[in-house]
Each structure stands twice: as structure tokens, then as C-alpha cells.
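All remarks here apply to the structure that follows.
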Amino acid sequence: MVTRINPKFNCKVFLKDKADMKLLKSGTRLYGQFVESTGSIFMMPYRPPYDCLPWLGIVNGKTGHENENPLLMNVYIDGDSITTAGFVGKQHFEGPAEIVYKSAAYARTPFNNDDMKTLWNKTVLIFGAGTGGSKIALELIRAGVGKVILVDFDRLDYANISRHEGDLFDVGKPKVQVVAERIYRINPAVQVETYTEDIFDRSFDEINAIFEKADAVVAATDKTAPQLQINEFAHRLGIPLIAGGCYEEALGGEVFYTLPGEKMPCLACLRGGMKQPEQKGEIDYSTASGPQDYQGQPGLHAAVDFVTCIEIQICLAILLRESKTSKLTAMLHLKRNFLLIGGAMAQGFYRFRKPFDIFYQPLNGPKKNCVVCGEFNPEELLT
Ligand SMILES: [Zn+2]
């Protein structure tokens, strides 16, 4: 047993599970952060997105203090135990490292082991990393989802901070980067794929390839045109789609979902028919990049989150729909796939009669003449 020299510091190595000990081969770099207030030196073998954290340790590195990085630790593996030696500033540290497994961060989950395993093996493709998308991505990770693909070409602006998971120090970064960096700090073993572009500018095959990785697609952009493009790809490839959005001032919102192969209306069936609440100009809370994008009164973040949090739970229910034990799946019903959500200030707005007026809006459909899921034949237009 190695005793700790300099009890001021404690070293922690984060691993997904015991099997990932094999990642700690000689020469492997460990990335992380020294937290001065607790004296904790966190290290993990998973490369951080956008190099947001420096490398702090190297397995079986050279002893001594000759490296440029004053925090660089040498990490030694002996069977299942890890010891570290190095300098924190001018102070020498040497001693055993605590191994923190992913399961420690998910110790108080409402899901059983089978459901956690299911979630860890799921990939969710999220369009939009603004107010809604950033929240959805982080909450799915907190629930145990193992991989997300984030698509957004926008960068974080000061005007976004009051309604985004990012903060002042993130202004100027692509929004997908802001979210990816936060995900790494919640669970470094999660896989994050990011696209800082409109992927619909790519070739048909490339777009298909991105969609095909996903077990569910979330359209977290309020703009209708991209939502319908997303719907078209998700429907053709048989991937569940979840779309949510807020109405004016986030007085209320809606969540829609459709499951493949269940003869449910698709998003194009819905958008072609239902009258949306009147809006004073174009308001788009989740994708607005600056004050110029808000032509009406923007909503309170807590009111937007009220809708988003319902959308997140529906997304988890869809990922767990084969589960025998999760209570979330009771929400899923072929005729209850369009939820209207009135918030605290919804009374008298649109179809809401009281604060927190939440109800399923029955939908007719699928529509026979829907351009995406119906019997519509585009060649008829040409004749
Ligand atoms: Zn349709």
C-alpha cells in the first residue's frame, strides 16, 4: 500500500467501467482538471471534445519534474490499482488514485440495470443546440444515454445566456461545442459527435448516414422548414421523431412525436392542418442568436424549460419503449402523440383555459395526401 505524500491533494481517475482499465496502457494521456478548492486532481483517458481540458497525466511517464505542464502527473498501473506522482505547482504529490467508475455518477437513478444498459447503447440525433437542444442533450446524458449527435451551425451570443446551458465564458463558441464540453464534465465516457453546419447541404447519402446512427431524432429547432426536412428523413429511415416548441412568450408549448411502423401521423401531417397560435412576427426561442431575432416578447427560461422537460421525458420513454419495467413507457400511446402544454401564465391564451392546462390534442391521420407518409405520388404533379 502506497501512502499519500502531501495529504492536501487527492487524485481521481474516472473510468466507464473496470474493462476500461485496459485503456491505461503505457504512454496513454489522461486529461482532466485540478480543482484547487478540494485539492482534487481529476483525470480520465477519454479525449475531451474540442480539447477543452488539458492533459494532466501520462501512464508510466518519466519520473521527475521536467515537463512544461506544472501539473503533469505520472500514472503507474499495478494490477487494479493506480498510483500517481507529480507536482501541483511546486508541491510534490505521490500516492494512490481513487478510481471513480461511471456507475458512481448514476447510483441514484430511477432506472434498473437493464434500462440503464439500454439507454447507454442508444444514440440520439439532436437538431438545434439552443435553449431546447442544449437542455435536452444534457438531460439525456444525465439520464444515462450513451451517445448524442449534435447539429447546429450557430455560435453562442450574449443574448443566449439567459436561456442556454452555456455561460459568459462560452460566448463566441459554436453552440454544439458548448454542449459537448458540458457533457464531458458530466460523463467523459459519453460519445459526442458534432456538426457546426447545416447537414442538409450535404449529399443525400451523407445525410442518410448521419440519421442511420440514431435511435431517435429530436427536432429542437422551432423553424418549420428544417423540422419538415428532419421529419422526411426520419420517416423514410424508420426512426422515431420528437419535435417540441414554445408559443409566444413561452405561455405554452407543444410536444409531438411519431413512431415508425405504427401508422401514426408524421410531422408533415400535423403541420399541414392544425392552426398554430397567432404570433406577432417570427419568434423562435430556441434558435435565436441575438436580440434582432426576437420580434415579440421572449419567454422566461423556466417557462421554456417546463415544455422542454416534458419533451425530454417523452424522448426517454421512446428510447425505453421495449422496457418491461420503466413507468415512462405508460405515456406512449398511438393516439396521444400531440401534447399541448399550457404554462403558469397560459390562462386565456390559445386553447388553454387555466394555468398549467396540459392535454393531448387528438390528431386525424395519417393523412392520405401527406407528402411524406401518405399515398401522395409526386409524379401526379408532373402530368
Ligand atoms: Zn404524414
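Please treat every number below as a calculation from the coordinates, not as lab data. Remember, predicted model here, so these are calculated numbers, not experimental data. Note that each Cβ is placed from the backbone with ideal geometry, even for glycine, and that neighbours are counted across all protein chains shown.
Setting aside same-chain residues fewer than 8 positions from Lys22, which aspartates and glutamates have a Cα under 16 Å from its Cα?
Asp78, Asp80
If you average the C-alpha positions of segment 101-132 and of segment 337-352 separately, how far apart do those two centres end up, in angstrom?
Distance between centres, Cα-based: 29 Å.
Which trypsin sites (Lys or Arg not before Pro) in segment 324-370 pass both tests, a DSSP loop state and at most 16 other beta-carbon atoms within 10 Å?
Taking segment 324-370 and a limit of 16 other Cβ atoms within 10 Å, the loop trypsin sites (Lys or Arg not before Pro) found are Lys324, Lys335, Arg336, Arg351, Arg353, Lys368.
What is the extension gain from Tyr158 to Phe356, computed as 0.36 nm multiplied by their sequence separation minus the C-alpha to C-alpha distance, in nm to one decimal?
Working: separation 198, 0.36 × 198 = 71.28 nm, distance 3.05 nm.
Difference between extended and current length: 68.2 nm.
Equivalent-ellipsoid semi-axes (√(5λ), Cα gyration tensor) for segment 181-227, whole Å, largest first?
Each semi-axis is the square root of five times an eigenvalue, giving 23, 15, 11 Å.
How high is the relative contact order of the chain? Use alpha-carbon pairs under 8 Å, at least six apart in sequence, and give a whole percent.
Once divided by the residue count of the chain, the mean separation gives 13 percent.
For Thr196, put the label point 7 Å out on the Cα→Cβ axis and report which residues of segment 159-177 keep their amide N under 14 Å from it.
Residues passing the 14 Å test: 170-177.
Starting from the 7 Å offset along Cα-to-Cβ, what nm value, one decimal, do you get for the label separation of Tyr50 and Lys117?
Using points 7 Å along Cα→Cβ, the separation is 3.6 nm.
Could you work out how far apart the two model spin labels at Ala302 and Ile99 are, taking each label as a point 7 Å from the Cα in the direction of the beta carbon, and quote it in nm?
4.4 nm
Just grab the label-to-label distance for Leu237 and Glu36, each label 7 Å out from Cα along the Cβ direction, in nm (one decimal).
With each label placed 7 Å out from Cα toward Cβ, I get 4.6 nm.
Report the relative contact order of segment 10-104, percent, no decimals, based on alpha-carbon pairs under 8 angstrom and at least 6 residues apart. Walk me through the intermediate numbers first.
Details: 195 pairs, mean separation 28.7, N = 95.
Averaging sequence separation for qualifying contacts and normalising by length gives 30 percent for segment 10-104.
Asn10's amide H: which non-local residues (gap 5+, or another chain) put their own amide H closer than 5 Å, with H modeled 1.01 Å from N in plane and none for Pro or chain starts?
Ser40, Ile41
Considering the options Tyr184, Val217, Trp120, tell which one lies farthest towards the positive end of the dipole of the chain, charges being +1 on Lys and Arg and -1 on Asp and Glu at the Cβ, about the Cα centre.
Towards the positive end, the residue furthest out is Trp120.
Ignoring everything except DSSP H segments at least 4 long, calculate the 222 nm mean residue ellipticity for the chain; use -39,500 (n - 2.57) per segment, divide by total residues, nearest 500. All intermediate terms of the calculation are to be shown ahead of the outcome.
Working: 8 runs with 84 residues, N = 383.
Theoretical 222 nm ellipticity from helices: -6500 deg cm²/dmol.
Which ³J(HN,Hα) values, rounded to whole Hz and listed in residue order, are derived for segment 126-140 from phi using the Karplus coefficients 6.51, -1.76 and 1.60 in 6.51 cos²θ - 1.76 cosθ + 1.60 with θ = phi - 60°, glycine and proline given as x?
10, 9, x, 10, x, 3, x, x, 5, 5, 4, 4, 5, 5, 5
Which ³J(HN,Hα) values, rounded to whole Hz and listed in residue order, are derived for segment 15-20 from phi using the Karplus coefficients 6.51, -1.76 and 1.60 in 6.51 cos²θ - 1.76 cosθ + 1.60 with θ = phi - 60°, glycine and proline given as x?
Karplus-based 3J(HN,Hα) across segment 15-20 equals 10, 4, 7, 4, 4, 6 Hz.
Considering only Cα-Cα distances, which of the following residue pairs are longer than 24 Å: Lys213/Lys327; Lys117/Lys324; Lys25/Lys213; Lys135/Lys223?
Pairs exceeding the cut-off: Lys213/Lys327; Lys25/Lys213.
Taking 37 °C and 0.692 mPa s as the conditions, I'd like the Stokes-Einstein D for the chain in µm²/s, using the Kirkwood hydrodynamic radius from alpha carbon pairs.
Working: Rh = 22.9 Å.
Answer, rounded: 144 µm²/s.
Residue separation times 0.36 nm, minus the C-alpha to C-alpha distance between Lys90 and Thr224: what's the value?
The span from Lys90 to Thr224 would gain 42.5 nm if fully extended.
If each residue's Cβ is checked for other Cβ atoms within 10 Å, how do Leu150, Leu30 rank with the fewest at the top?
By the 10 Å Cβ count, ascending, the order reads Leu30, Leu150.
What Kirkwood hydrodynamic radius do you get for segment 10-104 when you take the inverse of the mean 1/r over all pairs of distinct Cα atoms, in Å?
Taking every pair of different Cα atoms in segment 10-104, averaging 1/r and inverting gives 13.2 Å.
Picking from Asp205, Asp152, Asp357, which is most flexible by a Gaussian network model of the chain using Cα springs under 10 Å?
Ranking Asp205, Asp152, Asp357 by mean-square fluctuation puts Asp205 first.
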